[in-house]
Each structure stands twice: as C-alpha cells, then as structure tokens.
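Since every read-out is calculated from the coordinates, none of them should be taken as a lab result. Model, not experiment: these values are computed from the prediction. A quick note on method: Cβ atoms are made from the backbone with ideal geometry, for glycine too, and the neighbour counts reach across all protein chains shown.
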Amino acid sequence: MGEQIAIASDHAGFRLKESVKTWLADRSYSVLDLGTHTEESCDYPDFAAALAQALAAGKAGRGILICGTGVGMSMAANKFPHIRAAVCHDPTTARLSREHNDANVLAMGGRITGEAVAFDILDVWLRTAFAEGRHSPRVAKINALSPPLKTSLFKGEGKGAGT
C-alpha cells in the first residue's frame, strides 16, 4: 500500500467519503477511516478533531475531511496546531493550497461537490508538492498562530466521534 491518508466526515459528507475511500484504495493509498460510519446526524467538530489528532500522532501524513460544505470541518481542524486545512471546490484551489500553503488537510463539501469534481480535486491535491521558497516563511507564520488547544469539549461530550 502507498501513502496513509486519514479521512473523516459527518453525516452530510458520509456518501462522498465512501466514494473517496474507494477512489483512494483503487490508487493504492492506505485509508484510515475515522468515521462517521452512518448517515445519522452527528457533530462535525468531533470528526475534525479525530483526524487532526491522528495526524499529530503520525498515523497519517495527510487528511481529508468532508461535511456539507467543507467549511465547518476546515474551521474545526484549523484550531489544531500544525493543521493547515483548505476547503477546495475545484482543482485550481487544490493545487494552490498545496503549492503555496502546504495544506495537509483537504476539506470538501458532500452537499455541493459532485463525485467527478471531487476526484479531480483529489487527484491534483495528492499529486501537488509544496513549492517551498518564498512560501516557507509564510507557512511558518501560519503555524506560529496556532492557539493553545482546549480539548475539554472532545472528551465524550456531544454526539460524534467521542475523541
């Protein structure tokens, strides 16, 4: 198997997540599925937290988050140190998120992104390397902005991953 990719969704992103898992496996990526595992309503911050913590623990090098629009998941994930989640709606934003921002988490919207577009986004995002150069100090500044993490809400409260 190839690179380990962590993936998580809420109920709104569940169907697209399942399609993305198959697409990744067909291309020899190893997939770490962190849930949700049904379309039952759940809290997206719990799954964003689970994915961010998996990346921090070295269980995967990059991650994919899918909720209704991608926005909520990216907002939650970006609260974690050294997570650079980018909502991408097309291959151009996917490429630039990697080249310029070294995005390590891709967020997409299951309610607004069709499978074909999602696969195009994934293909570009996974193949694009960070350009470094003038972008490296900028990414370092982004990382320096990471606030202290408040984990008390992710200890079984809410309806979700229970991280």
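At 222 nm, what value in deg cm²/dmol follows for the chain if DSSP H runs of at least 4 each add -39500 (n - 2.57) and the sum is divided by all its residues, to the nearest 500? Each step should come with its number before you reach the end.
Details: 6 runs with 65 residues, N = 163.
Result for the chain, helices only: -12000 deg cm²/dmol.
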- [ ] Starting with the fewest neighbours, write out Ser136, Ser28 ranked by other beta-carbon atoms found within 10 Å of each beta-carbon.
- [x] Ser28, Ser136
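Per residue, how big is the convex hull of the chain when only Cα atoms are used? Give it in Å³.
Details: hull volume 15.6 nm³, N = 163.
Residue-normalised Cα hull volume stands at 96 Å³.
Enumerate by residue number the trypsin sites (Lys or Arg not before Pro) in region 1-99 meeting two conditions: DSSP loop (anything except H, G, I, E, B), and at most 10 other Cβ atoms within 10 Å of the site's Cβ.
none
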Task: Under-5 Å amide H pairs with Glu3, H placed in peptide plane, nonlocal only - done: Ser30
- [ ] Select from Ile142, Phe14, Trp125 the residue farthest towards the positive end of the dipole of region 4-147; place +1 on Cβ of Lys and Arg, -1 on Cβ of Asp and Glu, and compute about the Cα centre.
- [x] Ile142
Open item on the list: I want to check the label-to-label distance for Arg95 and Thr128. Put each point 7 Å from Cα in the C-beta direction and report it in nm to one decimal.
Closed with: 0.7
Task: Rg and Dmax [Cα atoms of region 72-137; Å; Rg one decimal, Dmax integer] - done: 11.8, 36
Task: Long-range HN-HN contacts of Ala107 with modeled amide H, under 5 Å - done: Leu65, Ala86, Val87, Cys88
